[in-house]
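*Asks:* Sharing a structure here in structure tokens format.
The values are calculated or read from the model by the stated rules, or taken from the named source; none is laboratory data. Remember, predicted model here, so these are calculated numbers, not experimental data. Please note: Cβ atoms are built from the backbone with ideal geometry, for glycine as well, and neighbour counts cover all protein chains shown. Calculation scope for accessible area: heavy atoms of the full protein, side chains included, ligands and nucleic acids excluded. Shrake-Rupley method; radii C 1.70, N 1.55, O 1.52, S 1.80 Å.
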Amino acid sequence: LQQSRDAELKSLRNDRKRREAAERREARERKAKEDAAAVWAERERNLNGWARCFRKARDFDFLPKVFEEAKGPLGMTFGAGANVRTTTVTAVDRGKRADSNGVLVGDEVVELRWLARDDEGVAKEVVINATTVPPTKITQHVVEVIKKRWWPLTFVVFRDRTTGEAAASVDAAVRVEAPDVLRGDLGKTTVATWGGPLNDTACDEAPEFVLADPVDGCAGTLLESAAGVDANGRVVLGKPPPTPRRRFALAQRGACTFVEKARALAKTGVAGVVIFNSDAGAPIPMPSGGAATDDINVPVVMVSRDAGQRIEKALRWKDAAPVSAWLGPANRCERPVTFMPTRDDDVDDEERPPLEGVARFRCGAGGFEARFRVAAFGPPPDSTAPFGIVKAAPPHLCALAGVERRVAGFGAVALRGGGCGFTEKSRVAEQLA
């Protein structure tokens, strides 16, 4: 009986010790959380002051993005390059960890936190204020953390909601006016709220596109419109010729920030900057990342990758003809909406269903009929007016070079293929009148 009683007392004492140990542990954890909350509250006050003073932000969030231990890259680009002044996220790889963690292009990394461990495995939290440390140092810290596996790694990002909402509220249109085979609206756009006004282009004006050289536009140089052709039929890059005409610069997203790209291209004297997305899908917002933009007075618009690549291809074509467009608010200079095709064989345009029918060919007293199908690009045919036709020579009609005959006002009968697309054949025919 005594032994049973002693065992029971011992069990009660052990239970009490475990409860006391658990209570002390909970108290320590609670105290650590309270201390961390107090430290973060102080840091957040400082960051709020930084956002209002240095980023002129009114409505914003500071969002922690926690990356647990895992193999492979984070899937985001920020603070890269010796001349970069901010840690703005310039690219997020679709499907990677940053994308699934909710990081957006335009977020600015303002703080890093991780658990550094010494040789004995003792962990200590390290906090780096990215608003006071050069971006290149921040990227070095991230590389070190990943290499030494000091997980979890927490990014605190600054997100300006005002910029995003303002960008979404601006509705712009980019409409290609010439050549006919590319005529149409470029579809959905996003507008940089820090750029110049959109209403500078008259309704009857259509400035020409000029391609950035290199195409990312970061160097602030343009592709010469009248240039030689290399052995592969590609336009040789060079400096733009002087011209009194208003022009829009076309550049691809990437390699530098939106502000740096716009500033570099604006210095060439263009009337606007059109950036096409480097990823598939809709255009994205273009935040300034807190960079100064007072010197940028031209509108900056983003279009989809498909639309931009289409115009880039036309500007690089060996028999390049001017590509002109109207850019401005979507509710100005309204016209019937047609969309520029994204593929040479695009006949499934939702706004303009494919047109099919029967063509009647006459030669003297004889003749025959053949079915036809009209491409989704270009103006619709005039079915009431007959016209003469002439066989193309060379038959594929891929280039002006080597054309043996030119009969203005006639229709050219060309052969499919030959290394060029339908739009290129149409452009050659258009230049031959």
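*Asks:* What is the residue count in region 25-76 for residues that are over 20 Å from Ala292 (Cα atoms), touching a residue at least 60 places away in the same chain (Cβ under 8 Å) and among the aromatic types (Phe, Trp, Tyr)?
*Replies:* 2
*Asks:* Within region 46-58, does at least one residue satisfy the condition of being among the polar types (S, T, N, Q), open to solvent by 60 Å² or more (accessible area, probe 1.4 Å) and not in a helix (DSSP H, G or I)?
*Replies:* No, there is no match, as no residue in region 46-58 is among the polar types (S, T, N, Q), open to solvent by 60 Å² or more (accessible area, probe 1.4 Å) and not in a helix (DSSP H, G or I).
*Asks:* Looking at (1) modelled with pLDDT under 80; (2) exposed (fewer than 15 other Cβ atoms within 10 Å of the Cβ), which is the only condition Pro214 fails?
*Replies:* (1)
*Asks:* I've got another one for you. In region 116-137, what residues are touching a residue at least 12 places away in the same chain (Cβ under 8 Å) and in contact with a helix residue (DSSP H, G or I) (Cβ under 9 Å, 6 or more places away or on another chain)?
*Replies:* Residues satisfying the conditions are Ala116, Arg117, Glu125, Val126, Val127, Ile128, Asn129, Ala130, Thr131.
*Asks:* What number of residues within region 14-44 satisfy the criterion of being under 20 Å from Glu125 (Cα atoms) and of a type outside the set (Phe, Trp, Tyr)?
*Replies:* Qualifying residue count, region 14-44: 19.
*Asks:* Tell me, which residue of region 256-283 that is touching a Pro at 6+ places or on another chain (Cβ under 8 Å), open to solvent by 10 Å² or more (accessible area, probe 1.4 Å) and not in a helix (DSSP H, G or I) is nearest to Thr86 (Cα to Cα)?
*Replies:* Among those residues, the one meeting the criterion is Thr268.
*Asks:* Can you report the number of residues in region 10-53 which are more than 19 Å from Thr154 (Cβ to Cβ), hydrophobic (A, V, I, L, M, F, W, C) and modelled with pLDDT under 85?
*Replies:* 1
*Asks:* How do the pairs read when you match residues in region 254-283 that are hydroxyl-bearing (Ser, Thr, Tyr) with residues anywhere that are part of a helix (DSSP H, G or I) and open to solvent by 20 Å² or more (accessible area, probe 1.4 Å), using Cβ under 8 Å and keeping only pairs 6 or more apart or on different chains?
*Replies:* Ser278/Arg305
Here's the yes/no breakdown for (1) modelled with pLDDT under 80; (2) surrounded by 12 or more Cβ atoms within 10 Å (Cβ to Cβ); (3) of a type in the set (Lys, Arg); (4) in a strand (DSSP E or B):
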{"position": "Pro353", "(1), (2), (3), (4)": "yes, no, no, no"}
{"position": "Arg360", "(1), (2), (3), (4)": "no, no, yes, yes"}
{"position": "Ala370", "(1), (2), (3), (4)": "no, no, no, yes"}
{"position": "Ala385", "(1), (2), (3), (4)": "yes, no, no, no"}
{"position": "Val403", "(1), (2), (3), (4)": "yes, yes, no, no"}
{"position": "Arg406", "(1), (2), (3), (4)": "yes, yes, yes, no"}
{"position": "Ala412", "(1), (2), (3), (4)": "no, yes, no, yes"}
{"position": "Arg416", "(1), (2), (3), (4)": "no, no, yes, no"}
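*Asks:* Please state which of the following conditions Thr132 fails to meet, knowing it meets all the rest: (1) open to solvent by 50 Å² or more (accessible area, probe 1.4 Å); (2) touching a strand residue (DSSP E or B) at 6+ places or on another chain (Cβ under 6 Å).
*Replies:* Unmet for Thr132, out of (1) open to solvent by 50 Å² or more (accessible area, probe 1.4 Å); (2) touching a strand residue (DSSP E or B) at 6+ places or on another chain (Cβ under 6 Å): (2).
*Asks:* May I ask you to list the residues in region 60-95 that are open to solvent by 50 Å² or more (accessible area, probe 1.4 Å) and part of a loop (DSSP other than H, G, I, E, B)?
*Replies:* Within region 60-95, Glu68, Glu69, Lys71, Pro73, Ala80, Ala82, Asn83, Arg85, Asp93, Arg94, Gly95 qualify.
*Asks:* Please state which of the following conditions Val236 fails to meet, knowing it meets all the rest: (1) open to solvent by 60 Å² or more (accessible area, probe 1.4 Å); (2) modelled with pLDDT of 85 or more; (3) of a type in the set (Val, Ile, Thr).
*Replies:* It is condition (2) that Val236 fails.
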